[in-house]
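Computed from the coordinates by the stated procedures, all read-outs in this text should not be read as laboratory data. Predicted, not measured: the structure shown is a model, and the values here were computed from it. Using ideal geometry, Cβ is built from the backbone for each residue, glycine included, and neighbour counts are taken over all protein chains shown.
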Amino acid sequence: HYIHVKRPSQLSRDVNLYLFRDQPNCAPMWEAFPQGGCWILKIKKKANVLGKMWQDLVFAAIGEAFEQTDVVGIAMAIRSKEDMLSVWNADNSDDSTRFVIGCLKEILMLDSNTLVEYKFHANSIRDMSTFRNAKPYVFAASTAATN
């Protein structure tokens, strides 16, 4: 039951929590999704919003609000200076699928200027880090194509 899950504020430093699909070979390991990657959102400790954001992300994952079967799991990392939320996808070869993560903005009610990062799991395997050397992105409004 969700009510028995510890809240982020109750967790000690250097703890990772994962919520992944219940299917064969679906585990929070880079090697399980060598063609995949993850979107990363870093959250300053002072913001005091991690609990609400993690809850919203959990409910979105369970309710399949990401609208992509490519999303395989979510993670939360508690660290000393800042915390991180991440959304893992199985295959990043198709940009149109990888960049549909824009619904993350709505799920977490992020500002348009919020910095998010993306890290390929192949790079994580090489540098042994989920978060180091991730590529930064910001949400931008798209314009409709005119004919």
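A few remarks follow.
- Among (i) 66, 33, 32; (ii) 38, 33, 30; (iii) 54, 33, 31, the entry that matches Cα extents along the principal axes in Å as calculated here: (iii)
- Total formal charge among the other residues, if their Cβ is under 12 angstrom from that of residue 50, Lys/Arg +1 and Asp/Glu -1: +4
- GluC sites (Glu not before Pro) within the stretch 24-96, DSSP loop, no more than 13 other Cβ atoms inside 10 Å: 64, 67
- Sites residue 59 and residue 112, calculated FRET efficiency, Cβ-Cβ separation with R0 22 Å, nearest 0.05: 0.45
- Trypsin sites (Lys or Arg not before Pro), loop per DSSP, at most 15 other Cβ atoms within 10 Å - longest free stretch of the chain: 22-78
- Computed about its Cα centre, the charge dipole of the stretch 2-138 is approximately 820 debye, with only Lys, Arg, Asp and Glu carrying charge at their Cβ.
- Straight Cα distances below 30 angstrom link residue 135 to the lysines 42, 44, 45, 46, 52, 81, 105, 119, with same-chain residues fewer than 8 positions distant left out.
- A Förster distance of 41 Å, applied to the separation of the beta-carbon atoms of residue 94 and residue 1, puts the FRET efficiency at 0.65.
- Multiplying the residue separation of residue 67 and residue 122 by 0.36 nm and subtracting their alpha-carbon distance yields 17.4 nm.
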